[in-house]
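Notes for the one structure printed next.
The values are calculated or read from the model by the stated rules, or taken from the named source; none is laboratory data. All figures in this text were calculated on a predicted structure; none of them were measured in a lab. Cβ: placed from backbone, ideal geometry, glycine included. Neighbour counts: every protein chain shown.
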Amino acid sequence: MGRKFTPWHKIILATDLNISTWLVLGACGQSLIFTLLPRTLSLILPVFVLLCFYINTYFIASGRLPNELSQGVNYGRISAQYPDDDGSPSSKPSKDSIVVLVLGTTFSHPQGRLAPHVARTGNYMSKMWKEAAAMRDTYGYLGNTPAMSVMPDNGLNFYGPREGDDKGTTMVWLSYWKTLDGLHAFAHGPAHMQGWRWFEKGMKTDYKHIGLMHELYEVPAGSWENIYYNFRPFGLANAKFPVRKTMESGDEKTTVQWLKNLRNADGKDFKNMEVRMGRASGSVGLKNSQGNVSQRNVYTPSEQMGSDRAV
């Protein structure tokens, strides 16, 4: 069988080129059409295509056509938690520890993701995530996010003062693991070691424009929580948790099933941060001189949305 190629439109992203480059490419394409086709037709064609895009968007926004972007969205409030031993929704929030790995790569090259050796970096990344998923019983791999790209702030400070961390092309993944031991085993597994050895060979010479980073957090039970409003499964909400099942037919055999565990968080029992961490409501906040949570740091009913606390 021949090599399977990925279509170019699934590889090239809009952010791979700046807007000036896209405008110039569009102008070149329009000039070519203007040269090859009659003048009237060459003017009508782009207007017709633009009109089709507008009509399609209008019909989707007005509900006349299905909106693919809304598929999979969980409307309301949900929270992701470890399931109970029988696979049912957790009766105790934040009942177990969790390990969070922040993995990032940056390309300090004018060609961005199209720079030399970047494609090979992506191939190694893909192999590592596939191995983690295939061996989740061994590594305790719960799941990860899609690649998240850093947007340039252009000096506007929309997201706080920047000191150059918004430059270049940077992508970040959040991944979740059951134990630090499992993550350590993954880091010394074949896929990660193969990619790391390749990177070490040329990181100071051939591909200095490629950077890698990670941050690692081991979070104990009772110290993490999450909430999702009108959100599709993302981050920890897209993770799968291990549940041991015992087969009773013939010889007893224990297997591990990996299940998502999203629970409704509209009720009072999951409405604030402390409760979702398994702590007493009102226990988190800046303390006064007596060691109590200062009332200035607790929202009054008039400052809350309904009966919710702000966090």
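Scanning region 186-242 for residues that are of a type in the set (Lys, Arg) and part of a helix (DSSP H, G or I) turns up ARG197, LYS201. In region 22-62, of all residues being in a loop (DSSP other than H, G, I, E, B) and modelled with pLDDT under 95, the one that is nearest to GLN111 (Cα to Cα) corresponds to LEU37. Name the one entry in PRO89, PRO66 that is in contact with a strand residue (DSSP E or B) (Cβ under 6 Å, 6 or more places away or on another chain) and of a type outside the set (Ser, Thr, Tyr). Among PRO89, PRO66, only PRO89 is in contact with a strand residue (DSSP E or B) (Cβ under 6 Å, 6 or more places away or on another chain) and of a type outside the set (Ser, Thr, Tyr). Is one or more of the residues making up region 139-160 modelled with pLDDT of 95 or more and part of a helix (DSSP H, G or I)? Looking for residues that are modelled with pLDDT of 95 or more and part of a helix (DSSP H, G or I), one finds at least one in region 139-160, hence yes.
On the basis of being closer than 30 Å to SER20 by Cβ and surrounded by fewer than 17 Cβ atoms within 10 Å (Cβ to Cβ), does LEU69 make the cut? Spelling it out, LEU69 is indeed closer than 30 Å to SER20 by Cβ and surrounded by fewer than 17 Cβ atoms within 10 Å (Cβ to Cβ).
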